[in-house]
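What follows is a short report on a single structure.
The values are calculated or read from the model by the stated rules, or taken from the named source; none is laboratory data. Note that the coordinates shown come from a computational prediction; the quantities given were computed from them, not determined experimentally. When we count neighbours, we look across all protein chains shown, and the Cβ atoms used for this are built from the backbone with ideal geometry, even at glycine.
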Amino acid sequence: MTRIALITGAGSGIGQACALALADAGWSLALSGRRRERLEATCETARAKGAEAIAVEADVGDADAVARLFAEVEARFGRLDLLFNNAGTGAPPKPLEDLTLDEWRRVVDTNLTGAFLCTQGAFRLMKRQTPRGGRIINNGSISAHAPRPNSAPYTATKHAITGLTRSTSLDGRAYDIACGQIDIGNAATPLTARMAQGVPQADGRLAPEPLMDVADVAGAVVYMAGLPLSANVQFLTVMATRMPFIGRG
């Protein structure tokens, strides 16, 4: 039976890399994001690999949009075996006291509420499908352990994702739903390219940071996704070996 994966934030970066790696591994894909043209481009590449793939434009922070997303996944594929809660955003890097409430809410709506809404949708479908159950992987972050300067909204939501992961893992046991979290540090994507030139450090310096190949992140997600539901990677950290995380600050 072909396995079905839904990936949010799949039009670029980590989401796109994981989508294409799952396509290589034989998964069928539902790809979600806010920019249809990027999703369609990713779908075309996945189809060229032999995978069935659909693009569904959706803002994960919008409950109605998420409901339509899961209705489309069920109508097209009939089931869901993997949800990768990957969609995320950050606020402008400014002092905490200068952040606006709208900036805070935008990050919370995408990073936390979006993951919660998609988890609800996955639970509802995975509980009633046959065979029952499935897997949810949440994209945490190194920031789920230690913040960067001027990143309160992003850091707060990634700590909250860890709580959501644990609760989802516990509440899903009775329904054969496994949930784990991948915390990623410095994967090379267009979003992180600036790190090679210099990013703020805890001591106030600007310093370049090493990056790792995003394909190594995708390989880790494929490994987590491919486990039988009797096994689960609860938390996995994959990071550039020389990045200033262990001992940073």
| request: Could you tell me whether any residue of region 195-218 is surrounded by 15 or more Cβ atoms within 10 Å (Cβ to Cβ) and touching a Phe, Trp or Tyr at 6+ places or on another chain (Cβ under 8 Å)? | output: no
| When region 225-249 is examined, which residues are found to be assigned to a loop (DSSP other than H, G, I, E, B) and modelled with pLDDT of 95 or more? | Leu227, Pro228, Leu229, Ser230, Ala231, Asn232, Val233, Gln234
| task | For Ala63, state whether it is in contact with a helix residue (DSSP H, G or I) (Cβ under 9 Å, 6 or more places away or on another chain), aliphatic (A, V, I, L, M) and surrounded by fewer than 24 Cβ atoms within 10 Å (Cβ to Cβ). | result | yes
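Could you tell me which of the residues Asp109, Asp171 is of a type outside the set (A, V, I, L, M), modelled with pLDDT of 95 or more, within 15 Å of the chain's Cα centre (by Cα) and surrounded by fewer than 23 Cβ atoms within 10 Å (Cβ to Cβ)?
Asp109
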| If you check Asn232 against the conditions, is it farther than 30 Å from Phe123 by Cβ, in contact with a strand residue (DSSP E or B) (Cβ under 7 Å, 6 or more places away or on another chain) and not acidic (Asp, Glu)? | no
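Yes or no: Glu97 more than 26 Å from Leu39 (Cβ to Cβ), assigned to a helix (DSSP H, G or I) and modelled with pLDDT of 95 or more?
yes
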| task | Determine whether region 181-200 contains at least one residue that is over 19 Å from Asn138 (Cβ atoms), in a loop (DSSP other than H, G, I, E, B), at pLDDT below 95 and more than 15 Å from the chain's Cα centre (by Cα). | result | yes
| Test set (1) aliphatic (A, V, I, L, M); (2) assigned to a helix (DSSP H, G or I); (3) more than 14 Å from Gly88 (Cβ to Cβ); (4) in contact with a Ser or Thr (Cβ under 7 Å, 6 or more places away or on another chain) - Leu31 fails condition number | (2)
| note | Counting only residues that are in contact with a Ser or Thr (Cβ under 8 Å, 6 or more places away or on another chain), assigned to a loop (DSSP other than H, G, I, E, B) and small (Gly, Ala, Ser), region 7-28 contains a total of 5
| field | Qualifying position, being on the phi < 0 side of the Ramachandran plot, without any contact (Cβ under 8 Å) to a residue 60 or more places away in the chain and part of a loop (DSSP other than H, G, I, E, B), among Asp59, Asp102, Asp64, Asp109 | value | Asp59
| query | With respect to Ala220, is the statement that it is more than 22 Å from Asp24 (Cβ to Cβ), modelled with pLDDT of 90 or more, part of a helix (DSSP H, G or I) and small (Gly, Ala, Ser) true? | reply | no
| touching a strand residue (DSSP E or B) at 6+ places or on another chain (Cβ under 6 Å), of a type in the set (D, E, K, R) and surrounded by fewer than 22 Cβ atoms within 10 Å (Cβ to Cβ), is that true of Glu72? | yes
| said: Any residue at all in region 1-13 that's free of Cβ contacts under 8 Å to residues at least 60 places away in the same chain, of a type in the set (Ser, Thr, Tyr) and more than 23 Å from Gly226 (Cβ to Cβ)? | reply: no
| said: Leu82 - would you say it is crowded, with 16+ Cβ neighbours inside 10 Å and touching a Ser or Thr at 6+ places or on another chain (Cβ under 7 Å)? | reply: no
| Counting just the residues of region 112-144 that are over 18 Å from Asp176 (Cβ atoms) and without any contact (Cβ under 8 Å) to a residue 40 or more places away in the chain, which one comes out surrounded by the fewest Cβ atoms within 10 Å (Cβ to Cβ)? | Ser143
